[in-house]
Ligand SMILES: CC(C)(COP(=O)(O)OP(=O)(O)OC[C@H]1O[C@@H](n2cnc3c(N)ncnc32)[C@H](O)[C@@H]1OP(=O)(O)O)[C@@H](O)C(=O)NCCC(=O)NCCS
């Protein structure tokens, strides 16, 4: 049975669309230029994109892009509500699939937009995208044991705990994984087409 199709959390992906966050926009954000970044993305961005945590991420992804430009299509984008175009957060994969076909998800929701199902919608959309890419076999999420909200979100999608790791920045994390698709043929047939 295809849990991506039957799971009640499948449909929320329709709520979200992603706007690219290209390297020049990351550079602008790193410099604190919210308006300049917004002009490059095509929508006004929230000051949440300038937090210390966010800026660390932009710097990290820019260095990654310099080394592995092929990761670009997988990396962080802006999440907007399809209904009104409101920016609700940022999300993406940590990179292109690794040698084992694994991609890791990351997501962050604006504080003012939390507890309204956006992380659920974002993860549903990331899973939908992962399922359409034949090279992806496994989707991973790593979550701090203290992050009640994110733990609840990943568990909604049937992620299974596969271990723990120590992250230099975030400390102890629980590692969760789930198959990219559950249809057994690994070709993504029957999935929705990518955008
Ligand atoms: C964790 C985070 C992504 C959750 O985003 P969100 O949009 O509020 O999540 P959702 O609205 O989809 O929540 C889905 C469910 O998760 C649970 N949940 C979410 N936040 C919660 C919280 N703070 N405490 C307890 N449960 C929570 C609830 O069961 C919720 O459903 P409900 O609101 O119907 O009860 C958000 O708090 C965030 O961006 N935090 C900072 C960045 C971060 O931690 N990213 C994840 C790294 S692994």
Check: Can you find a residue in region 65-72 that is surrounded by 14 or more Cβ atoms within 10 Å (Cβ to Cβ), at pLDDT 95 or above and under 24 Å from residue 116 (Cβ atoms)?
Finding: no
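Please verify whether region 112-120 includes one or more residues that are within 13 Å of the ligand (Cβ to nearest atom) and closer than 15 Å to residue 179 by Cα.
No, the conditions are met nowhere in region 112-120.
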Checklist line | Per-region count, region 27-85, residues in a helix (DSSP H, G or I), more than 25 Å from residue 130 (Cβ to Cβ) and in contact with a strand residue (DSSP E or B) (Cβ under 6 Å, 6 or more places away or on another chain) | finding: 0
Item checked: Within region 121-176, tally of residues that are part of a helix (DSSP H, G or I), within 11 Å of the ligand (Cβ to nearest atom) and surrounded by fewer than 22 Cβ atoms within 10 Å (Cβ to Cβ) -> 7
Notebook entry, point to check: Residues in region 86-104 that are more than 8 Å from the ligand (Cβ to nearest atom) and assigned to a strand (DSSP E or B): how many?
Noted result: 8
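The values are calculated or read from the model by the stated rules, or taken from the named source; none is laboratory data. Values in this document were obtained by computation on a predicted structure and should not be read as measured data. Glycine also receives a Cβ, built like all others from the backbone with ideal geometry; neighbour counts cover every protein chain displayed.
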